[in-house]
Amino acid sequence: MRTITTSKGESYEAEYCFAPSLIDGGCAIRLRDSRKLPEIAAEFDGLTAITLREDENETVYAGYTRLGAINAEGGMVNLRLFKE
């Protein structure tokens, strides 16, 4: 199971989280969430770090502070965060 924890103290189960993306250098996150996109967006904009925990491994993605994109498809939410 993959879990991400944000610098705002929120935790989510994630399908994936990785950075930097080869396409645009951003941090790509995909998670299941049925809430409205503005509510989710508010929790991800302005972060200082995202911690990914997968089994016993932990990776910290720091500096991705700006939410650049968010969309939903089939109950999954895709987010792109960028460094300033």
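A few points about this structure:
- Ellipticity estimate at 222 nm from DSSP helix runs (n ≥ 4, -39,500 (n - 2.57)) divided over the chain, nearest 500: -2500 deg cm²/dmol
- Exposed loop sites were defined as trypsin sites (Lys or Arg not before Pro) in DSSP loop states (anything but H, G, I, E or B) carrying at most 11 other C-beta atoms within 10 Å; in the chain the longest segment without such a site runs 37-84.
- Size estimate for region 26-71 follows the Kirkwood approach: the inverse of mean 1/r over distinct Cα pairs works out to 11.8 Å.
- Net dipole in debye of region 2-83 [+1 Lys, Arg Cβ; -1 Asp, Glu Cβ; about Cα centre; nearest 20]: 280
- For the chain, the relative contact order works out to 30 percent when only alpha carbon pairs closer than 8 Å and six or more residues apart are counted.
- Charge sum, other residues only, whose C-beta stays under 10 Å from residue 32's C-beta, Lys/Arg counted +1 and Asp/Glu -1: -2
- Most fluctuating residue given options 72, 14, 42, as computed from a GNM of the chain linking Cα atoms under 10 Å: 42
- Which of 18, 62, 42, positive extreme of dipole for the chain (C-beta unit charges): 42
Values in this text are rule-based calculations from the coordinates and carry no lab data. Note that the coordinates shown come from a computational prediction; the quantities given were computed from them, not determined experimentally. Here Cβ is always computed from backbone atoms with ideal geometry, including for glycine, and neighbour counts include all displayed protein chains.
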